[in-house]
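The numbers here are math on the coordinates, done by the rules we state, and not lab data. All values reported here derive from a predicted model rather than from experimental measurement. Heads up, the Cβs are rebuilt from the backbone with ideal geometry, glycines too, and the neighbour counts pull from every protein chain shown.
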Amino acid sequence: MPLTPALIRWLQTPAAAPWLAQLTAQPPTDAELLATLMRLRRHLTPAQAAAVVETARLRQRAQSKFPAQAGRMFFSRTAYQQASSALVAAYTARRFRSYGWVGDWGCGLGADSLALAAHGPVLALDRDALALALTQANAAALGLDERLWPVRGDVRHPPALPPAAWADPGRRTASRRLFDPESLHPPLSALLAQQRHTPDLGIKLMPGLPHQAIPPTAEAEWISLQGNLKEAVLWLGGLCRQPGRRATVLPAQASIASEGAVAPVAAPGAYLFEPDAAVIRAGAVGDLANRYHLWQFDAQIAYLSGDAALDTPFTRRWTLLEHHPFDLKTLNKRLRALQGRVTAVKKRGSAIEPEAFRRRLAHHPQGQPLVVVLTRLLDRPWMLICSERQP
Ligand SMILES: C[S@@+](CC[C@H](N)C(=O)[O-])C[C@H]1O[C@@H](n2cnc3c(N)ncnc32)[C@H](O)[C@@H]1O
């Protein structure tokens, strides 16, 4: 039974409050779902019972995106999937802190609007009535309703022209790999056209943003959270600090610009460093290598190596125990000699499927945890055996 704006309004009434509190404290599992719905239907309409259960279950699921607020918020499944994580939204919203008021074009359930409202008034625009009901409910639940005006309308013809706006267009497919700027809702070209009225624009896009789609005057920022690549943002007009590409990793808020540096290439050293995906997408691997005196062992492969036990916000580090030309027999011989327990097979520049490959490896159940890396060196298939423990 789909959620509707009327149901979202009902969920905010005193009549719904005790049921919502009870179910939020203990959301039903899949196995308990039917019995819970039947129990609730003795007191509520079928649509109300379904709305309470769905909200409680989505609140539980949303803990990772909204760690401090999920238990008070309102969601629909689709709006939740497309919502920005609270930490990333808080980071991007900070660029808008000097404006008197801002627009949030395509507000969805309001994750970005709520973060923007921390700095000033927000006009939250969406063409979808359910999205607006969710934004309104979330603003009220978090005490931000005085600063947030949800308005129904089309982003391409905004009802008012703010000095700056954030746009998060809808995505057609679930795949993050595909990136066709014109398949977005609204298309990227329609959003860029908004610069005529509102020159200061931030546009959230998928991380697959190709470099050739970046306007020359824009700053493109790839953002990851806890090692997971989340989005690419185009900053335009007064929101652009430095045209070009950069990578930012959260929660550290460390950032690195891509300035075209080329990493030196040399044989692997004592440690293997895996750059954060934001650094790779921004094309800043060479800049990262230069900043921390690291090198690549193959010019085409985005792994770095070094001799110092450096911990940086942009890299994961493993101790490199040994490396060889790729050969399964040699690998198993070495794993037996090292009494290893392979916890993960990683790959870059190799066509092998890691999980199936891991099942073919020698395994010492109580052995030391090891990571096997399948990659290339001097354009040959190569394998690295790394220790998972940081010394
Ligand atoms: C990716 S979601 C926004 C998510 C939101 N930033 C959040 O974090 O909760 C995109 C939203 O844009 C809205 N949308 C798409 N095309 C639109 C248009 N032409 N005018 C207004 N809203 C639009 C959709 O209804 C959807 O709610």
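Annotations
- For the chain, the fraction of C-alpha pairs farther apart than 42 angstrom is 27 percent.
- Total charge dipole magnitude, the chain, about the Cα centre, Cβ charges on Lys, Arg, Asp, Glu only, Debye to nearest 20: 980
- Pairs of Cα atoms nearer than 8 Å and 6+ residues apart set the relative contact order; for the range 271-387 it is 27 percent.
- Taken over the range 60-171, the convex hull of the Cα atoms encloses 88 Å³ per residue.
- Among Met206, Met73, Met38, the order by Cβ neighbours within 10 angstrom, fewest to most, reads Met38, Met206, Met73.
- The chain, helix-only ellipticity at 222 nm - DSSP H runs n ≥ 4, -39,500 (n - 2.57), divided by all residues, nearest 500: -7500 deg cm²/dmol
- Unit charges at the beta carbon, dipole of the range 5-61: most positive-side option, Ala6, Ala47, Ala31: Ala6
- Sorted by Cβ neighbour density within 10 Å, fewest at the top, the residues Lys346, Lys230, Lys329: Lys329, Lys346, Lys230
- Charge dipole (debye, nearest 20) of the range 92-244; +1 at Cβ of Lys and Arg, -1 at Cβ of Asp and Glu: 200
- Close amide-amide hydrogen proximity is noted between Ala254 and Val249, each under 5 Å apart and 5 or more residues distant or on a separate chain (H modeled in the peptide plane; Pro and chain starts excluded).
- Here's how it looks for Gly103: its modeled amide H is under 5 Å from those of Leu123, Ala164, Ala165, Trp166, which are all 5 or more places away or on a different chain.
- Of Ser64, Ser387, the sequence from fewest to most neighbouring Cβ atoms within 10 angstrom is Ser64, Ser387.
- When the GluC sites (Glu not before Pro) in the range 164-262 are filtered for DSSP coil states and for at most 10 other beta-carbon atoms within 10 Å of their beta-carbon, no site remains.
- For the range 79-210, the relative contact order comes to 22 percent (Cα pairs under 8 Å, sequence separation of at least 6).
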